[in-house]
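Undergrad: Below you'll find the structure I mean.
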Amino acid sequence: MLLPSIIFAAILVIIGMATSQPRRYWLFGGTAVAIQLLVGFLLADGGTLQALGVLALGWGVPISLVVRGHSRRSVTLATRGLRRALARKLLGPHVSGLIVQSDNGMLAVGLEDSVVGWKLRKRGAYGLEEVDRLKKYLTAESKVLIVGAHIGSLVVPISRICKQVVAIEADPDTYRLLMTNLLLNDVSNCRAINIAASDKAGKLDFLINRANSGGNKRVPKTKHPMYYSDGSAVISVDAFALDDYLDDLMFDLVLMDIEGSEYFALQGMQKILAHARVLVVEFLPHHLKNVSGVTVEQFLSVIPPHFRTLTIPSKGLTVDATDRATALTDMFQHDQADDGIIFTR
């Protein structure tokens, strides 16, 4: 029984090192190997019943321990890296993007993007459920402000159902893909701007992650490991309060997805919000806590009082202004996210 245990241990070591598993994995893995050795020793040289015991206890229990001890995120990151390496090997080192014909439109996506780009490549669509939800708030005469436009996967379909779109994107490389996608889809009613939305003008340290460019964000206040992976890097971008930067502040709908910077951006666009009929904001408790370092109460303090109704699509829930703090606090405490909670007048 010694040889199988050695092979089992070697496999665990290879997997652990290749996927950068945490300390818990090694503790569980060591326990698993010890159990396998012990069961093999105690039930060696037995009959069928002993053989079944070895199979169940000597392999089943150790494998279940390893599965419980491993970090799914570490495995995901490792497989993302493998996919990127294979893509570069197959397509060549000078390919930085691909063009995808999707339900959102014809879109150029980053080769390394394992989230939005991967979904567009594999599924042919991204975020269209959100676009469908927003249609009832839009008309052919609507003006829309999209803060956190990314590559334009929502900008392109929204531009087809409204009069005008202003799209804000902070990352220069992502902005270039956005501009490419506007050209690919003959979008003529969108103004794209390469700045970060904030509470004031200045330079902003911005965290870039090529494996998930949709997750690019201001440098978090709390340096959580989940934000610093896949070769992430920090760049400096120009930031502005949108009330001061934009000449036209009249928008019917504001759509915001900026990975935890919402609190600061909303502070810098109170004049814009005073005119808006609808505000849609991504709600991620993890980002509120670690990126901006604010509570639900602070987050809601920058939502103008004329937004009297809150709809939480992920819960199928609509509440008035008196109950929205309770609803969002419950989500915050249970770390429940929503792609876009909807504030309406």
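The values are calculated or read from the model by the stated rules, or taken from the named source; none is laboratory data. Everything numeric here is computed off the predicted structure, so don't read it as measured data. Every residue, glycine as well, gets a Cβ built from its backbone with ideal geometry; the counts of neighbours run over all protein chains shown.
Undergrad: Here are Leu177, Leu184: which of them is in contact with a helix residue (DSSP H, G or I) (Cβ under 9 Å, 6 or more places away or on another chain), within 25 Å of Trp118 (Cα to Cα) and surrounded by fewer than 20 Cβ atoms within 10 Å (Cβ to Cβ)?
TA: Leu184
Undergrad: Here is a list of conditions, (1) surrounded by fewer than 21 Cβ atoms within 10 Å (Cβ to Cβ); (2) out of contact with any Cys (no Cβ under 9 Å at 6 or more places or on another chain), and Asp252 meets all of them except one; can you say which number that is?
TA: Asp252 satisfies all of (1) surrounded by fewer than 21 Cβ atoms within 10 Å (Cβ to Cβ); (2) out of contact with any Cys (no Cβ under 9 Å at 6 or more places or on another chain) except (2).
Undergrad: Another one. Going residue by residue through segment 306-316, is there one that turns out to be under 23 Å from Ala241 (Cβ atoms) and modelled with pLDDT under 95?
TA: Yes: one or more hits.
Undergrad: What is the residue count in segment 209-246 for residues that are farther than 15 Å from Thr174 by Cα, at pLDDT below 95 and in a loop (DSSP other than H, G, I, E, B)?
TA: Adding up the residues that qualify gives 10.
Undergrad: In addition: For the structure I just gave you, tell me whether Ala211 is crowded, with 19+ Cβ neighbours inside 10 Å and under 19 Å from Phe299 (Cβ atoms).
TA: no
Undergrad: Taking the options Leu300, Leu255, Leu266, Leu279, name whichever one is farther than 16 Å from Asn216 by Cα, touching a strand residue (DSSP E or B) at 6+ places or on another chain (Cβ under 9 Å) and in a helix (DSSP H, G or I).
TA: Answer to the check: Leu266.
Undergrad: Filter segment 303-327 for residues that are part of a loop (DSSP other than H, G, I, E, B), loosely packed, with under 14 Cβ neighbours inside 10 Å and under 25 Å from the mean Cα position of the chain (by Cα) and give the result.
TA: Gly316
Undergrad: When only residues in segment 264-301 that are farther than 27 Å from Met226 by Cα and buried (at least 18 other Cβ atoms within 10 Å of the Cβ) count, which is nearest to the chain's Cα centre (by Cα)?
TA: Among those that are farther than 27 Å from Met226 by Cα and buried (at least 18 other Cβ atoms within 10 Å of the Cβ), it is Leu279.
Undergrad: Turning to a different aspect of this structure: In segment 287-318, what residues are closer than 20 Å to Leu207 by Cβ and not small (Gly, Ala, Ser)?
TA: His287, Leu288, Lys289, Asn290, Val291, Val294
Undergrad: Continuing with the same structure: Scan segment 94-143 for residues that are in contact with a strand residue (DSSP E or B) (Cβ under 6 Å, 6 or more places away or on another chain) and in contact (Cβ under 8 Å) with a residue 24 or more places away in the chain and report the count.
TA: The number of residues fulfilling the criteria is 14.
Undergrad: On the basis of being outside any loop (DSSP other than H, G, I, E, B), in the same structural domain as Val254 (by TED's automatic domain parsing) and not hydroxyl-bearing (Ser, Thr, Tyr), does Asp335 make the cut?
TA: no
Undergrad: Which of the residues that make up segment 117-141 are in a loop (DSSP other than H, G, I, E, B) and not hydrophobic (A, V, I, L, M, F, W, C)?
TA: Of everything in segment 117-141, those that are in a loop (DSSP other than H, G, I, E, B) and not hydrophobic (A, V, I, L, M, F, W, C) turn out to be Gly124, Tyr126, Gly127, Thr139, Glu141.
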